[in-house]
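One structure is given below, encoded as structure tokens.
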Amino acid sequence: MEPSSPRKPHLSSLPLDSENKATEFHPFSTSPPHMFAFHLAWLSLFSCFFSAFSIPPLIPIMRQNLNLSAADIGAAGTAAFVGSIFSRLAMGPVCDLVGPRIASAALSLITAPIVLATAFISSPTSFILVRFLIGFCLANFVANQFWMSSLFSTSVVGLANGFAAGWANMGAGVAQLTMPLLYSFVKSFNVPENTAWRVIFVVPATFQALTAIMVLIYGQELPCKDSIKVSNKPKESFLLLLFNGLMNYRGWILGLIYGCCFGVEMTMDNIVAQYFYYRFGVNLEVAGTIAACFGLTNWFARPLGGIVSDQMAKLFGVRGRLWGLWAVLTVAGLLCVLMGRANSVGGSISVMCMFSVFVQAASGLTFGIVPFVSKRSLGVISGMTGSGGTVGAVVTQMLLFSGDKFSTQTSISVMGLMMIICTLPISLIYFPQWGGMFCTPNETSIDEEDYSLLV
């Protein structure tokens, strides 16, 4: 795929493969074009997560001012994820057509004013609508992972995807921590409560817009594009790319798996502050700090999943990536069950932190497999998998955390059981070139350029 607009190529300081994808990954380097694009990608997505999860830690305050019922809060949480489902599914093909840089920046600039509009909501209906529309910005996750898969070789793509998404996902944790503090800071100037929480939404809106502008000005999608090996085959149409991706059963399974790791993570980001606030009686700032611990482990947990995926691949090939994903996600499910059964603040926090590490690592392991499913329809597969994450969040939010049907602690344990059961389809994923969890590779060699994996 060519970049959407001509951009002067930069020479890379990293070793490159035949497609000029970097074969090494140095997360603390800013050398262009690979590592600089990496930092732009994660920072832009970080701002989107910050925006999307800037509301949940303030719900105890907003609930009083807007007269929100438990049903309203549950519906708003579901609406935030529903908005992300369709936008993520659409983002994959858009990245195939115009590239991840323009797709990402355009979506951030479109949704930034909606974040600011949070300051003007005045009813439960407008609260639900704003959460729905803000959820669209989370589709930038698909552009983020597409961008990394375009820049980094298969030997390090799991690591690159893990760091790019993991550091970005910290935006949810930072929002849980900083929004209550910003609210308290503004209120300390004798600003009325109903005004204080509204004023601070200028922060996430401005941050999101600024990072989008940086991506547009400084981002580069493919390095040294003039020297990339050109295929002799004609470029395929958008509809064929979409059809190829949708007909690939592996993409649907990975979407289900991602719903059981990233979907669960987003659900926890949505309810964890309220859980500690109401169940254990901690104050708003303490609840936000505890919730931030869950999100901030993304700094190392999701990249760790990418590292595990790449290391398992070095030892056992793609089959190792599959086994690693199954093992880590199963442990995450067990810890989720245990968290719901913990009866003390300290015990609950301890299990929550362990759970966050494993569930976020599972997300990194999932996207360590995505680049191997289909080279031709990478954007579509990324969109399907990413949408699966938000579908999982919607399902768990609606079934377990909407209304008063179950206690929150019971719902958390049931969510863990759902995760364990849903790991089983990983065993159905089979690659003719590399095999599956229980199957060896097909001895018949397949030309890499024809390897689109339609069935």
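Below are the figures for this structure:
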quantity	calculated
Selection from the stretch 312-356 of residues that are polar (S, T, N, Q) and closer than 30 Å to Phe372 by Cα	Thr330, Ser356
The stretch 80-92 residues that are over 21 Å from Ser126 (Cβ atoms), paired with ones that are buried (at least 24 other Cβ atoms within 10 Å of the Cβ) and of a type in the set (Ser, Thr, Tyr) (beta carbon under 7 Å, 6 or more apart)	Ile85/Ser387; Ile85/Thr390; Arg88/Ser387; Arg88/Thr390; Leu89/Ser387; Gly92/Ser382
Within the stretch 318-365, considering residues that are aromatic (Phe, Trp, Tyr) and within 18 Å of the chain's Cα centre (by Cα), the one farthest from Asn161 (Cα to Cα)	Phe355
The listed residue being under 20 Å from Leu107 (Cβ atoms), of a type in the set (Val, Ile, Thr) and modelled with pLDDT of 95 or more, out of Val199, Val203	Val203
Pairs where the first residue, in the stretch 302-330, is over 24 Å from Glu265 (Cα atoms) and touching a residue at least 24 places away in the same chain (Cβ under 8 Å) and the second is of a type in the set (Phe, Trp, Tyr) and open to solvent by 50 Å² or more (accessible area, probe 1.4 Å), C-beta under 7 Å, 6+ apart	Gly317/Trp434; Val318/Trp434; Arg319/Trp434
Members of the stretch 319-362 that are of a type outside the set (Gly, Ala, Ser), buried (at least 24 other Cβ atoms within 10 Å of the Cβ) and touching a Cys at 6+ places or on another chain (Cβ under 8 Å)	Leu329, Met352, Phe355, Val359, Gln360
Residue under evaluation Thr390, criteria (1) open to solvent by 10 Å² or more (accessible area, probe 1.4 Å); (2) touching a Ser or Thr at 6+ places or on another chain (Cβ under 6 Å), criterion not met	(1)
Which numbered condition Gln397 fails, given (1) open to solvent by less than 10 Å² (accessible area, probe 1.4 Å); (2) outside any helix (DSSP H, G or I)	(2)
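The values are calculated or read from the model by the stated rules, or taken from the named source; none is laboratory data. Keep in mind it's a predicted model, so treat the numbers as computed, not measured. Every residue, glycine among them, receives a Cβ derived from its backbone with ideal geometry; neighbour counts consider all protein chains shown. Heavy atoms of the whole protein, side chains included, go into the accessibility calculation; ligands, DNA and RNA do not. Shrake-Rupley method; radii C 1.70, N 1.55, O 1.52, S 1.80 Å.
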